[in-house]
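Here's the structure, in structure tokens; my notes come after.
The values are calculated or read from the model by the stated rules, or taken from the named source; none is laboratory data. All of these numbers come straight from a predicted model, not from anything done at the bench. Glycine also receives a Cβ, built like all others from the backbone with ideal geometry; neighbour counts cover every protein chain displayed. The accessibility values were calculated without ligands, DNA or RNA, using every heavy atom of the protein model including side chains. Shrake-Rupley method; radii C 1.70, N 1.55, O 1.52, S 1.80 Å.
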Number of protein chains: 4
Amino acid sequence: MAHLSSRPDLVARVHRIAGQVAAVEKALAADEPCATVLHRVAAVRGAVNGLLDEVIAEHLKEHVALPGLGDDERAAGAEELLAVIRRYAK
Amino acid sequence: MAHLSSRPDLVARVHRIAGQVAAVEKALAADEPCATVLHRVAAVRGAVNGLLDEVIAEHLKEHVALPGLGDDERAAGAEELLAVIRRYAK
Amino acid sequence: MAHLSSRPDLVARVHRIAGQVAAVEKALAADEPCATVLHRVAAVRGAVNGLLDEVIAEHLKEHVALPGLGDDERAAGAEELLAVIRRYAK
Amino acid sequence: MAHLSSRPDLVARVHRIAGQVAAVEKALAADEPCATVLHRVAAVRGAVNGLLDEVIAEHLKEHVALPGLGDDERAAGAEELLAVIRRYAK
């Protein structure tokens, strides 16, 4: 969707997460200490949460709150968001 | 650490997560709908949480509960675990 | 706010959570097993998350997506929601 | 369990949470703004997470890492903890 791909910071965030996941793979392959792996996986989790917050914020602004949207569009955007929040917030 | 790298299921989990993150990158680059990106990122989050649970379980068994460990080793293993849980559970 | 207080299911949820928290207090006072306390606290957490999801859903529908709101009202409602999600989703 | 009830800070935490939940009930009954309710519920969530972390830490120290426990006791303590973490970390 144009409003996401036009945000280079989001693309960069996802790219960084890919690097963090690759580092976890390497740590496992290199038999690094368990505590190191734990912290790397926890760091990935934090980065993914941060990304999800940003995508949620974008969705909320563009598909629910944006001036000029139709009532049905807003309702649909809100439903999509709630579906993810309910899944995400468990 | 041998006990992690000897678990092919963990290695496979991390590899799957790498694939999921790559799919998010592609979805952004291809201007896929915002709701699609949302669900993919939420799926990554679920997978990372599942991985972290497994690594925590391994750490707990091998570095805290394992028969034959010294008292200091157990205390150190417990501290490492708590550091991650406190960070993770926010 | 009228739209929340007019939802008896939300009021009932909060009341149930108050009862669950009272049960944790009693379990501590009665020296119940640690595992019992753990499960009770985890149950409170699940119930609070469910409540928060419902309040978020209400806010989204009434203060962001509702037909007839002004652009500024929607923007303000979205900002309030994002502030909580960012805090909540850590 | 003695090791929990002998920690007045935990008892005080649970008591504070009970007060926070009561405040949410009052906010609903008083038709306070939705954003106020949102923040109060999010605050309860944070406090419950903090409590759960503390109870997990206690359990880990007393039922898994404690010097002098039998191997079976440690294994049982670890299993109880993992059951809660898996439920909690979703």
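Structure above, values below:
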quantity: Positions within the stretch D:47-75 being of a type in the set (A, V, I, L, M) and closer than 19 Å to B:A75 by Cβ, in sequence order; calculated: D:V55, D:I56, D:A57, D:L60, D:V64, D:A65, D:L66, D:L69, D:A75
quantity: Residues of the stretch B:7-26 classified as open to solvent by 40 Å² or more (accessible area, probe 1.4 Å), under 20 Å from A:E32 (Cβ atoms) and facing another protein chain (nearest Cβ under 9 Å), total; calculated: 3
quantity: Matching residues, the stretch C:40-82, being more than 7 Å from every other protein chain (Cβ to nearest Cβ), closer than 26 Å to D:V14 by Cα and of a type in the set (G, A, S); calculated: C:A43, C:G46, C:A47, C:G50
quantity: Tally, over the stretch A:59-86, of residues that are open to solvent by 20 Å² or more (accessible area, probe 1.4 Å) and under 20 Å from C:L69 (Cβ atoms); calculated: 15
quantity: Qualifying residue in the stretch A:17-25 (condition: under 22 Å from A:A83 (Cβ atoms), in contact with a helix residue (DSSP H, G or I) (Cβ under 6 Å, 6 or more places away or on another chain) and without any contact (Cβ under 8 Å) to a residue 12 or more places away in the chain); calculated: no
quantity: Extreme residue, modelled with the highest pLDDT, among residues of the stretch A:39-85 that are farther than 23 Å from B:A42 by Cβ, out of contact with any Pro (no Cβ under 7 Å at 6 or more places or on another chain) and part of a helix (DSSP H, G or I); calculated: A:D72
quantity: Every pair of residues 6+ apart whose Cβ atoms lie under 6 Å, when the first sits in the stretch A:3-15 and is at pLDDT below 95 while the second is outside any helix (DSSP H, G or I) and of a type in the set (D, E); calculated: A:S5/B:D31
